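Please treat every number below as a calculation from the coordinates, not as lab data. It should be emphasised that the depicted structure is a prediction, and the values quoted were computed from it without experimental measurement. Neighbour counts run over all protein chains shown; Cβ positions are idealised from the backbone, glycine included.
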Amino acid sequence: MANVNAGILGTGRAYPEGVLTNADLEQMVDTSDEWITSRTGIKQRHKAAEGEYTSMFAVRAARQAIERAKIDPLEIDLLICATVTPDQVLPSTGCIIQTELGAHKAAAFDLAAACSGFLFGLTLANTMIKTGQARYALVIGAELLTRYVDYTDRSTCVIFGDGAGAAVLGPVEGERGILATRIRSDGRYTEQLFAPGGGTRMGLTPESFAAGAHFYKMRGNELFKVAVRSMADVAREVLEETGYKADDVKLFIPHQANQRITDAVANNLKVDSQIVYSNIAMHGNTSSASIPIALDECVEMGRVHDGDLVLLASFGGGVTWGAVLMRW
Ligand code: COA
């Protein structure tokens, strides 16, 4: 299996029908469409209704990816669900999705790396395919972040949205597929984005629930700088490893955290703004789902062609970050 590369064979995406616009948020907290648009680029985000849960959207995105990859669910050897908002504590959302899809031969599990989860998943899938331990892998990023958002905290509630994206990977021939990956984390920055309650350290009691211990807390301003530096550095690393230049990249999809972060990373890397994809206006920050949703939109819109060099970069809570370079 020495010269096998893993490539993306099919993509899919799904999100709740419910939408929360900036105008809606203006009615809920002290904010304005002008502030949200100029500081983040976000105009709306999807929000799941009561009764909807993470795997519902993951399964829909995955079915689309499997159909487009033209494989049978039983051919999937590895199923990774990147999420920090699972259906429940046990079993993994991956196992729930596996059952819904009929992918009974896959090793299924969840991967918690926040917004970098999809790229961490691609990295694992790539390794298993390259070493012959898996032929087909399904990597999903799926989040219902709005369940952990405090709609009285204007600094976080305008940012996050819900959705899922998926990709089927398999062996590809020639110089195509994933060329380089880098994943990293640094737990020293944990408290820049975290939810203290709901785990074994601070279980949810009526008191901790009422105090909002399960809600995301974010020091956005501090994260901003780390996010720009980390994403640009790691993207540069995968380019350097493979001998490519930023000019060679035909499509750059950064994690959709903030339009200003996207612009700053693109500027730092000196990539042409024409090749940078952004959908943050429509989805907000969907954490691990943001890159696969964006990738699927690019495929559908014809923004990626056979042979194109595609660069993905992410940054998220933990903190975690990573980059993947592939030839489509
Ligand atoms: N509406 C109006 N004003 C708001 C607001 C809102 N929704 N949210 C915050 N503000 C105010 C703050 O209270 C502050 O007011 P003050 O100066 O009177 O204290 C002011 O706006 C500036 O706040 P600040 O946090 O410095 O704004 P910012 O320009 O850094 O933008 C984020 C905030 C969250 C949009 C931005 O920091 C960000 O995107 N950070 C990175 C997020 C990220 O990468 N997360 C991890 C990956 S998922």
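Considering all different alpha carbon pairs of segment 5-174, the Kirkwood hydrodynamic radius works out to 16.7 Å. A simple spin-label model places the labels of residue 267 and residue 33 2.6 nm from each other, with each point 7 Å out along Cα-to-Cβ. Taking each of 225/270; 47/70; 245/270; 250/270 in turn, the alpha-carbon distance tops 20 angstrom for 47/70. Taking other C-beta atoms within 10 Å as the exposure proxy, 245, 217 rank 245, 217 from fewest upward. In the chain, a dipole from Cβ-located charges (positive for Lys and Arg, negative for Asp and Glu) runs towards its positive end, and of 49, 118, 14 it is 118 whose Cα lies farthest in that direction. With the charge dipole of the chain set up from +1 on Lys and Arg Cβ and -1 on Asp and Glu Cβ about the Cα centre, the Cα lying farthest toward the positive end among the listed residues 313, 84, 23 is that of 313.
Of all DSSP beta bridges in the chain, what percent run antiparallel (nearest 5)?
Details: 38 of 55 bridges.
For the chain, the DSSP antiparallel bridge percentage is about 70.
Listed by chain and number, the aspartates and glutamates whose alpha-carbon sits under 16 Å from that of residue 217, ignoring those within fewer than 8 places in the same chain, are 150, 153, 191.
Take every Cα-Cα pair in the chain and report what % of them are more than 35 Å apart.
Numbers: 8261 of 53628 pairs.
So the portion of pairs separated by more than 35 Å is 15 percent.
Are there DSSP H segments in the chain that both extend 18 Å or more along their axis (alpha-carbon positions) and score a mean Kyte-Doolittle hydropathy of at least -0.5? List them, or say none. Qualifying helices: 54-69, 117-130, 220-242. For the chain, adding -39500 (n - 2.57) for each run of n ≥ 4 DSSP H residues and dividing by the number of residues yields -10000 deg cm²/dmol at 222 nm. In terms of Cα atoms, the Rg and Dmax of segment 179-327 work out to 17.0, 56 Å. Ordered by the number of other Cβ atoms lying within 10 Å of each residue's own Cβ, fewest first, 158, 172 fall into the sequence 172, 158.
At a 10 Å Cβ-Cβ cut-off, how would you order 255, 283, 305, fewest neighbours first? The partial results should precede the final answer.
Values: 255 31, 283 26, 305 9.
Taking fewest neighbouring Cβ atoms as first place, the list is 305, 283, 255.
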